[in-house]
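Colleague: The structure's right below; bear with me while I get my questions together.
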Amino acid sequence: MRSRPQVQTAAVVVLDLRGRATVRGENPPETSQSPLEVSRNAKTLNLELPIGSNEGPYDVALLDPSGTELLRTNAVAKLQDHIVVLKADVALAGIAPGSYFLGLRQRGLEWIRFPIRVL
């Protein structure tokens, strides 16, 4: 009897947004920075928010290039070791691999977008 080796994929993905340029608004311009990469198997995103971000509630969304929300969840950012960290539960299994935007916003504010590639 043979068994296949199990492939371990990270259920928790850490994305460091601290050194990335933010893009605001409905129609973001093209950016030269490489997209973040996340597996469709990810269950939780630990987002290290850009410097100057506030603690508190945020909306987190996966947006297609036209700005349509494909997935949205809410999470609370907290200060941990001098970094504002947002832990968001996500379900990316139903999302087709491709290029999207990770959208973050505090209540009442516009989306801040980061290019992201779902693998």
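Every number in this text was worked out from the coordinates using simple rules, so none of it is lab data. Remember, predicted model here, so these are calculated numbers, not experimental data. Virtual Cβ from ideal backbone geometry, glycine too; neighbours counted across all protein chains shown.
Colleague: With +1 on each Lys and Arg Cβ and -1 on each Asp and Glu Cβ, and nothing else charged, work out how big the dipole of region 36-110 is about its Cα centre, in Debye to the nearest 20.
Modeller: The dipole of region 36-110 has a size of about 180 debye.
Colleague: Under the Karplus relation 6.51 cos²θ - 1.76 cosθ + 1.60, θ = phi - 60°, what is the ordered set of whole-Hz ³J(HN,Hα) values for region 72-81, x standing for Gly and Pro?
Modeller: Each residue's phi maps through the Karplus curve to give 9, 9, 10, 7, 10, 7, 9, 7, 9, 6 Hz.
Colleague: Shifting gears a bit: Using only alpha carbon pairs under 8 Å that are at least six residues apart, calculate the relative contact order of region 38-104 and give it in whole percent. Each step should come with its number before you reach the end.
Modeller: Working: 129 pairs, mean separation 29.5, N = 67.
Relative contact order for region 38-104 comes out at 44 percent.
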